[in-house]
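The values are calculated or read from the model by the stated rules, or taken from the named source; none is laboratory data. Every value quoted in this text rests on a predicted model; they were computed, and no experiment measured them. Here Cβ is always computed from backbone atoms with ideal geometry, including for glycine, and neighbour counts include all displayed protein chains. The accessibility values were calculated without ligands, DNA or RNA, using every heavy atom of the protein model including side chains. Shrake-Rupley method; radii C 1.70, N 1.55, O 1.52, S 1.80 Å.
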Amino acid sequence: MGISTRRPESMMVIANVSMFLALVVSGPIAVEAARAFFVFGDSLVDSGNNNYLVTTARADSPPYGIDFPNRRPTGRFSNGLNIPDLISEAIGNEESPLPYLSPELRGRRLLNGANFASAGIGILNDTGFQFINIIRMYQQLAYFQQYQQRVSRLIGILRTQRLVRQSLVLITVGGNDFVNNYFLVPYSARSRQYSLPDYVRLLISEYKKILMRLHSLGVGRVLVTGAGPLGCAPAELARSSSSSGRCSAELQRAASLYDPQLTQMINELNRKIGKTVFIAANTNQMQIDFLTTPRRFGFITSKVACCGQGPYNGMGLCTVLSNLCRNRELYVFWDAFHPSEKANRMIVRHILTGSTKYMNPMNLSSALAL
């Protein structure tokens, strides 16, 4: 069909799609004025809290941070920016919320919010026991209470309540409950205790308590991400010794059971509250798109990690002795478990502007406009 036969509406759609693809791959994403931003969860969103702990779950040495603005490792499990950094850009904040344990988080910088996330943690308290000292979810929520007390001393109780009510919260947790608990070893304690469907129901029940506690602490808008494609991480490909690079069927089944129940639980919570407080992000579906057709999105592989060793660079930690790719833009995975900055940008773009295929009941831009 020739160009002259296209209707103006069609041309506008094509132009918008082109602009969308250009923004996905490059540049900050700005949507509105700044607001306080709080982050809870695991290594996907930890910005350095574990640097201050005696733990094996750390990302504070090279080559982590090789593409961060200062080219130094910060504790982010990424070659550069992570999801909280990119959401911070989107909501107009001058800086991403600092780790709560950082000595730099004081004075007026407290008003930007705080990151309470800790690599290795899960919904359940026994998840991540092998990492020794990590900030489990109950402690992250306790720190959030402590944060509010600190800010109240700075600006007063009423202004603190308003700051928290108007803030944005991101919570990313659940993946470790499968990878570093139920499926950590064959016949783990949890897998002997529960069938997989029953275990998923346990996680959803416990997660509901966490989200209700967050709501009781005065937050107004909470972005809740799903488990993601757990079985497709290079670590799982290496562990299964898959010569074909197929995702782990058992972990993919876990994610397929978990994510719909998480969305259902969030919708029930919103109905109970009487307004949209919680927003579900289907990060599994977001990532499957570029895991299955990586070249369509500018990647050369979605199976091999940029940094690592062994099959798929999926064994062990990312260190100065690891294999390191030259161009991180071409890899979906930075290390054995965590997306590259470019993949994180794609995920955040879907969070901001994605359809109900990815976001329920609405995307983040729509929610922040309410």
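Tabulated data for the structure shown
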quantity: Residues located in segment 339-370, provided they are in contact (Cβ under 8 Å) with a residue 12 or more places away in the chain, part of a helix (DSSP H, G or I) and either touching an Asp or Glu at 6+ places or on another chain (Cβ under 7 Å) or not aliphatic (A, V, I, L, M) (or both); calculated: Glu341, Lys342, Asn344, Arg345, Arg349, His350, Thr353, Ser365, Leu368
quantity: Tabulated pairs, segment 129-158, first touching a residue at least 24 places away in the same chain (Cβ under 8 Å), second open to solvent by 50 Å² or more (accessible area, probe 1.4 Å), C-beta under 7 angstrom, 6+ apart or interchain; calculated: Phe131/Thr56; Ile132/Val54; Ile132/Thr56; Asn133/Val54; Leu141/Arg213
quantity: Among the residues listed as Thr172, Thr263, the single one being open to solvent by less than 20 Å² (accessible area, probe 1.4 Å), polar (S, T, N, Q) and closer than 29 Å to Gln145 by Cα; calculated: Thr172
quantity: When residues of segment 96-121 are limited to those that are under 14 Å from Ser167 (Cβ atoms) and part of a helix (DSSP H, G or I), the one least open to solvent (accessible area, probe 1.4 Å); calculated: Leu110
quantity: Single residue of Glu250, Glu236 found to be in contact with a Ser or Thr (Cβ under 8 Å, 6 or more places away or on another chain), in a helix (DSSP H, G or I) and either open to solvent by 10 Å² or more (accessible area, probe 1.4 Å) or farther than 28 Å from Tyr143 by Cα (or both); calculated: Glu236
quantity: Residue list for segment 123-145, restricted to those being aliphatic (A, V, I, L, M) and within 19 Å of Val54 (Cα to Cα); calculated: Ile132, Ile134, Ile135, Met137
quantity: Residue that is open to solvent by 10 Å² or more (accessible area, probe 1.4 Å), of a type outside the set (A, V, I, L, M, F, W, C) and under 30 Å from Ala369 (Cβ atoms), where the choices are Arg190, Arg213; calculated: Arg213
quantity: Residue in segment 277-296 that is of a type in the set (Gly, Ala, Ser) and either at pLDDT below 95 or open to solvent by 40 Å² or more (accessible area, probe 1.4 Å) (or both) present; calculated: no
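To keep it simple, each residue is scored yes or no on (1) part of a loop (DSSP other than H, G, I, E, B); (2) touching a residue at least 60 places away in the same chain (Cβ under 8 Å); (3) charged (D, E, K, R).
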residue	(1), (2), (3)
Gln285	no, yes, no
Asp289	no, no, yes
Arg296	no, no, yes
Phe299	yes, no, no
Lys303	yes, yes, yes
Gly308	no, yes, no
Cys318	yes, yes, no
Leu321	yes, no, no
Phe337	yes, yes, no
